[in-house]
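Input: a single structure, listed below in structure tokens.
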Amino acid sequence: MPELPDVELYVEHIARRTRGQPLTGVRFASPFLLRTVTPAVKDLLNRKVVAVSRMAKRIVIELEAHHYIVIHLMISGRFRWGDPGAKIPGKLGMAAFDFPNGSLLFTEASTQKRAQLHFFVGKDSYRTLDPGGIEPLTATPKSFFEALTRESHTLKRSMTDPTILSGIGNAYSDEILFEAQMSPIKLTKTLTPDEARTLLTATKKILTWWRDKLISESDAFPEKVTAFREEMTVHGRFGKPCRRCGDPVQHIVYASNEANYCARCQTEGRLLADRSLSRLLGKDFPRSLEELELRKASARAVVEDRADAVVVPKAPRPSAKKRASSVARKRTPST
Ligand SMILES: [Zn+2]
């Protein structure tokens, strides 16, 4: 899903091409895209673009007299820029917004059409769609700390919750937590004001660096907006060496999300419970990288020994330790 740096990249390029231009047409390939009944398309036509901005993960195109086009790309919505009147791409095409100098084409690669388009009229009327999270780039240490600690969740969950923090998803939360050297499953209620400050500094640094890098990279309209980028440190790099310490990057997979992290840099060497991994290893979940490597070697035996094991243990139990192979007995007991 496009996150703050990616959305800002689109905002920049759409603004460069459309600001001051009148909207001359809107074409739809999918009837499901538009979620509002009023204002009608004809009410938007021939109004010039005043500004293009970001609200959370949405793109807001403001037309004259407070008319707004608001788009949420969800997971696989993307933009292209074509010649004036360019054909809407076959399978993926959803809509086209026509301007005298070109057409903004809106596509969605997934068969599950989730992207959303809304039209609004009235000053700031589109703000009803704002999920309410604070803006990370303008947050103060105080507002950031208050937002994160209002409810108790893991940092990974809270950072990607749009009602808490705006514009951050799976990819950049991994990068930010790595930069801050914090565990993705640290609970926000244990966060001190100093730690929150460190996390906010990392948040601003990562998001600003990526936004500026993406915008300065090319003058061409961005065609390759992806959740994974080559220079990322941990996101999408499971099993590859950590760029800071060289240990393999770990991940936890849950539902359709995942957290990528370096155990040595972020969790004091502790591995976090992964459902698939813990199912394989049974209750005797390894607590360190060294142990994981040893466990992998004896995983087959462990599985045979505990075919009916329950998943996702929080810590090894003494009884499980006794039953495990000699490998387990070498472990330094952790308390
Ligand atoms: Zn590391």
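Bear in mind these aren't lab numbers, they're just calculated from the coordinates by the rules spelled out. If you're wondering where the values come from, they're calculated on a predicted model, not measured in any experiment. Cβ placement follows ideal geometry from the backbone for every residue including glycine, while neighbour counts extend to all protein chains displayed.
Rounded to the nearest whole Hz, the Karplus-based 3J(HN,Hα) values (6.51 cos²θ - 1.76 cosθ + 1.60, θ = phi - 60°) of the range 98-109 follow the sequence 9, 10, x, 9, x, 10, 8, 9, 10, 10, 9, 6, with x at glycine and proline. Of E223, E146, E258, E179, the sequence from fewest to most neighbouring Cβ atoms within 10 angstrom is E223, E146, E258, E179. A P(r) calculated from all alpha carbon pairs of the range 133-272, with 10 Å bins opening at zero, reads 12, 43, 34, 10, 1 percent.
Stretched out straight at 0.36 nm per residue, the stretch from K91 to R243 would grow longer than its current Cα-Cα span by 50.8 nm. In order along the range 234-240, the Karplus-derived 3J(HN,Hα) couplings, from 6.51 cos²θ - 1.76 cosθ + 1.60 at θ = phi - 60°, round to 10, 5, x, 10, 3, x, 8 Hz, and Gly and Pro are given as x. Averaging over all projection directions, the Cα-based convex hull of the range 218-258 occupies 4.0 nm² in the image plane.
For the range 187-200, 3J(HN,Hα) computed residue by residue from phi via the Karplus equation (6.51, -1.76, 1.60; θ = phi - 60°) reads 7, 4, 5, 8, 6, 8, x, 5, 5, 4, 5, 4, 5, 5 Hz, glycine and proline entered as x. When the pairs K87/K213; K142/K205; K42/K87; K156/K213 are compared against a 26 Å limit on Cα-Cα distance, K87/K213 fall above it. Can you give the FRET efficiency to the nearest 0.05 for A65 and E268, using r as the Cβ-Cβ distance and R₀ = 45 Å? Plugging the Cβ-Cβ distance into 1/(1 + (r/R0)^6) gives 0.20.
Each peptide among 27-38, 181-192 gets the average number of other Cβ atoms lying within 10 Å of its residues, and from highest to lowest they stand as 181-192, 27-38.
In this label model, K42 and L187 are separated by 6.0 nm, measuring between points 7 Å along each Cα→Cβ vector.
Extension gain, L137-A51: 0.36 nm per intervening residue step, less the Cα-Cα distance, totals 29.0 nm. The amide H of L63, built 1.01 Å from its N in the peptide plane, has V50, Y68, I69 as neighbours under 5 Å, considering only residues 5 or more places off or on other chains. For the range 4-129, the calculated P(r), taken from all Cα-Cα distances in 10 Å bins from zero up to the bin holding the longest distance, is 13, 50, 35, 2 percent. In this structure, the amide hydrogen of G169, modeled 1.01 Å from its nitrogen in the peptide plane, lies closer than 5 angstrom to those of L4, counting only residues at least 5 positions away or on a different chain.
Amide H to amide H distances under 5 Å link M55 with V60, where only residues 5 or more positions off or on other chains count and H is placed in the peptide plane.
Packing, as the average of other Cβ atoms within 10 Å across residues, places the peptides 94-106, 164-176 in the order 164-176, 94-106, highest first.
When each of the peptides 120-128, 230-238 is scored by how many other beta carbons lie within 10 Å of its residues on average, the order from highest to lowest is 230-238, 120-128.
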